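What follows draws every value from the coordinates through simple rules; no lab data is involved. A quick note: this is a predicted structure, and the numbers were derived from the prediction, not measured. So basically every Cβ, Gly included, is an ideal-geometry build from the backbone, and we count neighbours across all protein chains shown.
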Amino acid sequence: MIDNLCDQAEEKDLAVAWLYCDFLAHKEQSTTAMLGAILRQLVSVREIPEDIRQRFRKRFPDRGLRLSDMVGMLKTAISLLPQVYICIDALDESTPNSRQELLGSLRDIVRESPSTRVLFTGRSHVADEVKKYFAEAIIVSVSPTENDIRVYLGVRLDRDTEPTAMDNRLRRDIMRIILETISGV
């Protein structure tokens with residue numbers, strides 16, 4: 001999806017920014033850092049606006065940026081772009097506190113910039129949180145088929161770094177057990 005949007009961005013006057021939430025990196029992925037990653041992508045499209053330069057200089061090197069600073073800079077950057085798509089992948093991997101701050105910040109940004117579109121991916125348990133901040137959000141549930149899982153497992157098993165450690169019987173057992181386990185979920 002992101003590749004498709006980026007291809008369109010080259011042809012049309014739009015900007016795309018994306019972020020992957022990683023549970024293992026939650027200490028580094030504060031809300032301010034996540035919004036900063038989005039801002040960096042958006043300002044790379046054009047020259048950095050002077051307002052953003054001044055805000056950044058004002059806070060560094062003595063102090064770091066606050067969430068309100070980052071939201072303000074994002075609003076400025078987005079206001080200069082005709083169409084913006086922000087994609088947040090694996091939202092469920094963020095901490096609950098960061099997720100609430102991120103959703104609230106993005107909601108505030110979108111309210112001031114109606115040409116901005118936000119796409120979230122994540123496990124189903126975050127859908128209610130997204131709806132809380134984006135009441136008109138369209139929720140699409142996507143589930144893999146048994147064949148999707150079989151193909152995925154086959155690719156992963158084919159990439160085994162020690163292929164001699166597995167024979168055909170072990171491979172069949174792995175496939176069978178994982179498919180049985182998933183079908184019971």
> For residue 15, which sequence-distant residues (separation of 5 or more, or a different chain) have an amide H within less than 5 Å of its own amide H, given hydrogens modelled in the peptide plane?
Replying inline: 83, 84, 85
> Can you sort 26, 125 by how many other beta carbons sit within 10 Å, fewest first?
Replying inline: 125, 26
> What net charge do the residues around residue 113 carry, taking every other residue with its C-beta under 13 Å from that of residue 113, with Lys and Arg at +1 and Asp and Glu at -1?
Replying inline: +2
> Expressed as cubic angstrom per residue, what is the convex hull volume of the alpha carbon set of the chain?
Replying inline: 167 Å³
>> Which order do the peptides 162-171, 90-99 come out in when sorted by mean C-beta neighbours inside 10 angstrom, highest first?
In response: 90-99, 162-171
> Going by how many other beta carbons lie within 10 Å of each one, how would you line up 45, 126, fewest first?
Replying inline: 45, 126
> According to a simple spin-label model (label point 7 Å from Cα along Cα-to-Cβ), what is the distance in nm between residue 168 and residue 97?
Replying inline: 5.5 nm
> If we count every other residue with Cβ under 9 angstrom of residue 90's Cβ, Lys/Arg +1 and Asp/Glu -1, where does the sum land?
Replying inline: -3
>> Could you work out [θ]222 nm for the chain from helices alone, using -39500 (n - 2.57) per DSSP H run of at least four and dividing by all its residues? Round to the nearest 500 deg cm²/dmol.
In response: -16500 deg cm²/dmol
>> Using Cα-Cα distances under 8 Å and only pairs 6 or more residues apart, what relative contact order does region 15-117 have, in percent?
In response: 43 percent
> What percent does the relative contact order of the chain come to when contacts are Cα pairs within less than 8 Å and at least six residues apart?
Replying inline: 22 percent
> So which of 75/131; 58/132; 12/58 end up more than 31 Å apart by C-alpha?
Replying inline: 58/132; 12/58
